[in-house]
Amino acid sequence: MKQENYFKKDRCRICESNSLEKVLELTPTPPGNNFLSEDQLDKEEQVFPLELDFCNDCNHIQLGHVVDPNFLFQNNYSYVSGTSSVFVNHLKRYADYVVNLFDIETNSLIIDIGSNDGTCLGHFQELGMNVLGVEPSR
């Protein structure tokens, strides 16, 4: 497999340990939500390793490779959080849970990195929070 637009992550994303162990390897896969137009169907799509690594130091399970965000999020990326009522309801429950768990005061700032269409932040806003979303995709 030609290694283009991605690299192997050799340190834990949480604790920076290099004690990572591959625990699952699936078939290399094209990026999700990168839908092809009809005239692209005869072209070979780039695939990426799909592996899970376990950190023996902090027990975090993580993807073993990092795909270049410029490729991943700027290349026909079309996922929108708010299109699934199940996910919208999950995010509402999540916002309620986080605010209650951490006893977050009204007007606190909630920042969402990878905020997509802002569905999650909208629930925090409904709870009286100030919000800021950062989203790499167009």
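The values are calculated or read from the model by the stated rules, or taken from the named source; none is laboratory data. These numbers were taken from a predicted model, which means no experiment stands behind them. With ideal geometry, Cβ positions are generated from the backbone for all residues, glycine too; neighbour counts draw on all protein chains shown.
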Restricting segment 72-86 to residues that are within 14 Å of the chain's Cα centre (by Cα) and of a type outside the set (S, T, N, Q), which is modelled with the lowest pLDDT?
-> Y77
Enumeration of residues in segment 89-120 that are in contact with a Ser or Thr (Cβ under 6 Å, 6 or more places away or on another chain) and at pLDDT 95 or above | L91, T119
Show the residue pairs that are 6+ apart or on different chains and have beta-carbon atoms under 8 Å apart, the first residue being within segment 8-37 and closer than 14 Å to V66 by Cβ, the second being at pLDDT 95 or above and among the basic types (K, R).
-> L20/K9; L20/R11
Test D117 against the criterion of being under 15 Å from the mean Cα position of the chain (by Cα) and either part of a loop (DSSP other than H, G, I, E, B) or surrounded by fewer than 13 Cβ atoms within 10 Å (Cβ to Cβ) (or both), and give yes or no.
-> yes
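Yes/no per residue for (1) assigned to a strand (DSSP E or B); (2) in contact with a strand residue (DSSP E or B) (Cβ under 7 Å, 6 or more places away or on another chain); (3) within 23 Å of P136 (Cβ to Cβ); (4) not acidic (D, E):
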site: G32; (1), (2), (3), (4): no, no, yes, yes
site: D57; (1), (2), (3), (4): no, no, no, no
site: V66; (1), (2), (3), (4): yes, yes, yes, yes
site: L72; (1), (2), (3), (4): no, no, yes, yes
site: R93; (1), (2), (3), (4): no, no, no, yes
site: V99; (1), (2), (3), (4): no, no, no, yes
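Within segment 38-47, track down each residue that is touching a residue at least 24 places away in the same chain (Cβ under 8 Å) and out of contact with any helix residue (DSSP H, G or I) (no Cβ under 9 Å at 6 or more places or on another chain).
V47
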Within the bounds of segment 65-78, is there any residue that is surrounded by fewer than 14 Cβ atoms within 10 Å (Cβ to Cβ), touching a residue at least 24 places away in the same chain (Cβ under 8 Å) and among the hydroxyl-bearing types (S, T, Y)?
-> yes
Given the structure, is T106 surrounded by 15 or more Cβ atoms within 10 Å (Cβ to Cβ) and not assigned by TED's automatic domain parsing to the domain that holds N34?
-> no
Is it the case that some residue within segment 60-73 is in contact with a Leu (Cβ under 6 Å, 6 or more places away or on another chain), under 23 Å from Y6 (Cα atoms) and among the β-branched types (V, I, T)?
-> yes
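Report the residue count in segment 84-103 for those that are of a type in the set (S, T, Y) and surrounded by 12 or more Cβ atoms within 10 Å (Cβ to Cβ). Lay out the reasoning, then the answer.
Keep residues of segment 84-103 that are of a type in the set (S, T, Y), which gives 84-85, 94, 97.
Going one step further and asking which of them are surrounded by 12 or more Cβ atoms within 10 Å (Cβ to Cβ), we end up with 84, 94.
Going through segment 84-103 one residue at a time, the tally reaches 2.
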Give the number of residues within segment 27-55 that are among the acidic types (D, E) and exposed (fewer than 11 other Cβ atoms within 10 Å of the Cβ).
-> 4
